[in-house]
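In what follows, a structure is listed as structure tokens, so that the remarks can point back to it.
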Amino acid sequence: MKKVSILLLVLGAVAATSAASAFSMAAPAASPAMDSADSAQKAAAAGPTADGEIKKVDKDAGKITIKHGPLANLDMPGMTMVFRVKDAAMLDQVKVGDKVRFNVEKVNGALTVTAIEAGK
Ligand SMILES: [Cu+2]
């Protein structure tokens, strides 16, 4: 007889606990929805991340040819290619043969160097 009443007590406690957690589940959780745009901004602020070597500087066209390493943000392997530059003054900061670190982003559909600095 005693065993049965203990079992009922335990079952009753489990049922009460389940009911309590069902209520707390209904409380709205904080939304992480705004996180992804924010972290993209932080990555851009960390400085140029891609390695490259200047192959050609075309000031008339506002373009630069860079032999670059993998560009993770564009899912692009290393290659030599032409980029636009965000600011024409960037073309005065580098010359053919320079090793650089730079960032590329798609601006209005065109791959554009948005930051560049001398590498080591
Ligand atoms: Cu490329």
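The values are calculated or read from the model by the stated rules, or taken from the named source; none is laboratory data. Since this is a predicted model, take the numbers as computed values, not measurements. No Cβ is skipped: glycine too gets one built from the backbone with ideal geometry, and neighbour counts run over all protein chains shown.
When segment 97-108 is examined, which residues are found to be assigned to a loop (DSSP other than H, G, I, E, B) and at pLDDT below 95?
The answer is Asn108, and nothing else.
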* Asked: How many residues does segment 72-94 contain that are within 12 Å of the ligand (Cβ to nearest atom) and within 16 Å of Gly119 (Cα to Cα)?
  -> 0
* Given segment 1-96, what helices (runs of 4 or more DSSP H) lie entirely inside it while holding 2 or more residues that are surrounded by 12 or more Cβ atoms within 10 Å (Cβ to Cβ), modelled with pLDDT of 95 or more and within 28 Å of the chain's Cα centre (by Cα)? -> 90-93
* Asked: Between a first residue in segment 57-71 that is within 16 Å of Leu91 (Cβ to Cβ) and near the ligand (Cβ under 9 Å from one of its atoms) and a second residue that is of a type in the set (D, E, K, R) and part of a strand (DSSP E or B), which pairs have beta carbons less than 8 Å apart while being 6 or more apart in sequence or on different chains?
  -> Ile66/Glu53; Ile66/Lys55
* Could we say that Asn108 is under 21 Å from the mean Cα position of the chain (by Cα), more than 17 Å from Pro48 (Cβ to Cβ) and polar (S, T, N, Q) here? -> yes
* Count - residues of segment 111-120 that are of a type outside the set (A, V, I, L, M, F, W, C), under 19 Å from the mean Cα position of the chain (by Cα) and either modelled with pLDDT under 95 or under 16 Å from Thr65 (Cβ atoms) (or both) -> 1
